[in-house]
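*Asks:* Could you have a look at this structure, given as structure tokens, before my questions?
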Amino acid sequence: MIKKISLILLLLFILFVFITSMSSFSDIYNNAGKIFFSQNGYTDTGSVNLVTGIYLDYRLFDSLFEAAILLIAVSGVMLISEHTIDEKNATFMIDKQKTPELFVTFSRILYPIMLLFGIYVIVNGHLSPGGGFQGGAIVATAILILYYIDIRKTVDVHRVLTIEKFLFLGLVVISSLSFFTRGELFTNFIPLDANIEYKAIFLTSMNILIGAKVALGLVAIFTAFLKEGR
Amino acid sequence: MNDLIPTLLQILLIIIALAIVFHKENFTIIIYISSFGLVAATLYVLNQAPDVAIAEVAIGSAIIPLIYVISISRQREFIVLDRVDHDLINDELIDEKNVELYQILNKFVDHNDLKMNVCANIKGSDEDLTTDLNVDLIVSFDHEKQKFILKGKQSSILMDHLIKETFTYDYIEIVTFKEGESID
């Protein structure tokens, strides 16, 4: 009974917040942000892809916590799956049922192409659609296909997790470098009036770090699922 | 005319979502989930959000179906631990009933699309075996009651089905126990 009442109260509260926030549409939906980013975005951040410009320069503080969410998710999966971490050096799941020959052959053809496309999406994150997270997910998918090709493939989850933690540390350090050059935290460390080509150094290095971190995190989650239930 | 393709795709999205909810076959649902991801990604591209579309294709239609496939193929085994001591049983009638018990179990396993995996001669307490080795069912024989006793986890849905199918047989008794210290 108490649960039901508290649920109804919570729903009413959400409805109240929704109605009050929807009362002033012109504050929420206006062109101010769009005009600002399309006028200053390219010269401020040096990124042709404005989405990358926003999440790696204007809103870098938010992106750091987004990267931290994946780290926490991986840690949670490892905590909930009851085995010790060392035990999870995966031998592949389909050890009893045979993988079809056609599937293996197509995986062999697709694997290098997918890896190349993932790396392209990561490195070109500031020039074309994509970026660290998307490219990292594609690279992770390519690595997962590798499991189907070679059944005896093993991954040292312990090492993967350690590398992921150090990559996150590197992410925080590189994004804090701007404190010494620009005098403020969490933005591009190359000065604001510098050439646009130099600003791409920061964007590319951040994209590569985020991509590697996401790929390793997804591979770790996948390996945990493989070993689960044995 | 320009709005025709997005409208059709949105209707298709609703149809796929309903199909995911109402379908019964697990692997078909996984195919539906990944096609849902593809249609959603196409809509994102049509609405000028290519970054989101790449993420949707990679996560929604590649990684999540792979994880589901693994999780489901993991649940396809039904592990039975046989602890009946055949040296102590001299009655032929009970041996016949043992054979009959395995026929019932085979039928049950086939009905649920599982593979039966029988093992014997493993020592250890019942609770430890179900948590460590992931044993689904433990078969033993009680001499006082003259009954076969089947033990399994209380939380498993398969045990509920097994109770429903076997309560008419008077020589089978099913005991369920709670799993040890769970998180919640």
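*Asks:* For B:Lys97, only one of the following conditions fails: (1) in a helix (DSSP H, G or I); (2) surrounded by fewer than 16 Cβ atoms within 10 Å (Cβ to Cβ). What is its number?
*Replies:* Status for B:Lys97: all satisfied but (2).
This table checks each residue for (1) surrounded by fewer than 18 Cβ atoms within 10 Å (Cβ to Cβ); (2) part of a loop (DSSP other than H, G, I, E, B).
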residue: A:Val155; (1), (2): no, yes
residue: A:His158; (1), (2): yes, no
residue: A:Ile163; (1), (2): yes, no
residue: A:Phe166; (1), (2): yes, no
residue: A:Ile174; (1), (2): yes, no
residue: A:Asp193; (1), (2): yes, yes
residue: A:Met206; (1), (2): no, no
residue: A:Ala212; (1), (2): no, no
residue: A:Thr223; (1), (2): no, no
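*Asks:* Moving on. Check segment A:111-131 and report whether any residue there is part of a helix (DSSP H, G or I) and modelled with pLDDT under 90.
*Replies:* For segment A:111-131, residues part of a helix (DSSP H, G or I) and modelled with pLDDT under 90: absent.
*Asks:* With the structure loaded, tell me whether B:Ile15 is more than 14 Å from chain A (Cβ to nearest Cβ), crowded, with 16+ Cβ neighbours inside 10 Å, part of a helix (DSSP H, G or I) and modelled with pLDDT of 85 or more or whether it fails that test. Before the answer, list the steps.
*Replies:* Details: more than 14 Å from chain A (Cβ to nearest Cβ): yes; crowded, with 16+ Cβ neighbours inside 10 Å: no; part of a helix (DSSP H, G or I): yes; modelled with pLDDT of 85 or more: yes.
No; evaluated as a whole, the condition is false for this residue.
*Asks:* Can you go through B:Ile54, B:Ile31, B:Ile67 and tell me which one is modelled with pLDDT of 90 or more and at the interface with another protein chain (Cβ under 9 Å from one of its Cβ atoms)? Full working, then the answer.
*Replies:* Numbers: B:Ile31 fails: at the interface with another protein chain (Cβ under 9 Å from one of its Cβ atoms); B:Ile67 fails: modelled with pLDDT of 90 or more.
Answer to the check: B:Ile54.
Here is a yes/no grid of residues against (1) surrounded by fewer than 17 Cβ atoms within 10 Å (Cβ to Cβ); (2) under 30 Å from A:Ile80 (Cα atoms); (3) modelled with pLDDT under 75; (4) in the same structural domain as B:Leu114 (by TED's automatic domain parsing):
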position: B:Thr130; (1), (2), (3), (4): no, yes, yes, yes
position: B:Val135; (1), (2), (3), (4): no, yes, yes, yes
position: B:Gly152; (1), (2), (3), (4): no, yes, no, yes
position: B:Thr166; (1), (2), (3), (4): no, no, no, yes
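*Asks:* Can you pull out every residue in segment A:120-177 that is within 14 Å of another protein chain (Cβ to nearest Cβ) and among the small types (Gly, Ala, Ser)?
*Replies:* A:Gly125, A:Ser128, A:Gly130, A:Gly131, A:Gly132, A:Gly135, A:Gly136, A:Ala137, A:Ala140, A:Ala142
*Asks:* So B:Asp3 clears everything in (1) of a type in the set (Asp, Glu); (2) within 29 Å of the chain's Cα centre (by Cα); (3) more than 9 Å from every other protein chain (Cβ to nearest Cβ) except one condition, right? Which one?
*Replies:* Here B:Asp3 meets the rest and fails (2).
*Asks:* Could you figure out which of (1) hydrophobic (A, V, I, L, M, F, W, C); (2) exposed (fewer than 15 other Cβ atoms within 10 Å of the Cβ); (3) within 27 Å of A:Phe133 (Cβ to Cβ) isn't true of A:Val48?
*Replies:* (2)
The values are calculated or read from the model by the stated rules, or taken from the named source; none is laboratory data. All of these numbers come straight from a predicted model, not from anything done at the bench. Positions of Cβ are generated from backbone atoms using ideal geometry, with glycine treated the same way; all protein chains shown enter the neighbour counts.
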